[in-house]
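Structure first, then comments.
The values are calculated or read from the model by the stated rules, or taken from the named source; none is laboratory data. A quick note: this is a predicted structure, and the numbers were derived from the prediction, not measured. Positions of Cβ are backbone-derived with ideal geometry, glycine not excepted, and every protein chain shown enters the neighbour counts.
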């Protein structure tokens, strides 16, 4: 079984309608909601389950800080989603975590990726090592806060986990039950999560798990203005923040 988990602050109804079309045998659909306000949960749609634990429950169980503190310094939708699949429902072989500004071109795109990568413990768009990042920064004499694509937050790992550290954009990634178990073990020991952009890669590395970088995730980048002429049905793309643009692009495809 595979779970598709979509991360959002306040669900857009049209976006939820598309998610509903992704349901098929051996796949379950979830939406993790950032807000604790129950009024932000959309009307019930068949086949979709909502993850919206209270922030206090997540905090008490150690599921906090998966986002950088200058972004969110309290349990978020990411924390709620990780909490659910580490503690509440551990029955899935793989879990996709996908933020709402990731564009999925067709209802078959994710399933086709899963067919190609059956054994990977982590699917993500790429990987960077902290030692290489520091080397490049010194060579180029560029401050860390000006080169996001090399890495700008290794300090969040200091004192929390041994080196080497690795990171990736993970606004769309797939995690195995083995890696989720490793994350749970870390929380049980330290009573906190790590920043998600280095947590998944680093814990997978330290535990000799299989990390793959599919070409289908090469469209996951920090900033880019994607045009319809650049879109391929087989790949995921980030960022396309407008739900209306996502809908229009799917019509064109």
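Of note:
- Residue in region 244-253 that is exposed (fewer than 13 other Cβ atoms within 10 Å of the Cβ), over 16 Å from residue 179 (Cα atoms), touching a helix residue (DSSP H, G or I) at 6+ places or on another chain (Cβ under 7 Å) and free of Cβ contacts under 8 Å to residues at least 60 places away in the same chain present: yes
- For region 197-220, a tally of residues being closer than 15 Å to residue 98 by Cα and modelled with pLDDT of 95 or more returns 6.
- Residues that are surrounded by fewer than 13 Cβ atoms within 10 Å (Cβ to Cβ) and over 28 Å from residue 161 (Cα atoms), drawn from region 205-223: 215, 223
Listed here are the residues, each with its yes/no results for (1) at pLDDT 95 or above; (2) in contact with a strand residue (DSSP E or B) (Cβ under 9 Å, 6 or more places away or on another chain); (3) surrounded by fewer than 16 Cβ atoms within 10 Å (Cβ to Cβ); (4) not in a strand (DSSP E or B).
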{"position": "164", "(1), (2), (3), (4)": "no, yes, yes, yes"}
{"position": "170", "(1), (2), (3), (4)": "yes, yes, no, yes"}
{"position": "175", "(1), (2), (3), (4)": "yes, yes, no, no"}
{"position": "182", "(1), (2), (3), (4)": "yes, no, no, yes"}
{"position": "194", "(1), (2), (3), (4)": "yes, no, no, yes"}
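- Some residue of region 52-62 being in contact (Cβ under 8 Å) with a residue 40 or more places away in the chain, crowded, with 17+ Cβ neighbours inside 10 Å and under 25 Å from residue 123 (Cβ atoms): no
- Taking region 2-36 as the range and being farther than 22 Å from residue 244 by Cα and either in contact (Cβ under 8 Å) with a residue 12 or more places away in the chain or surrounded by 20 or more Cβ atoms within 10 Å (Cβ to Cβ) (or both) as the test, the residues that pass are 2, 3, 24, 26, 27, 28, 35, 36.
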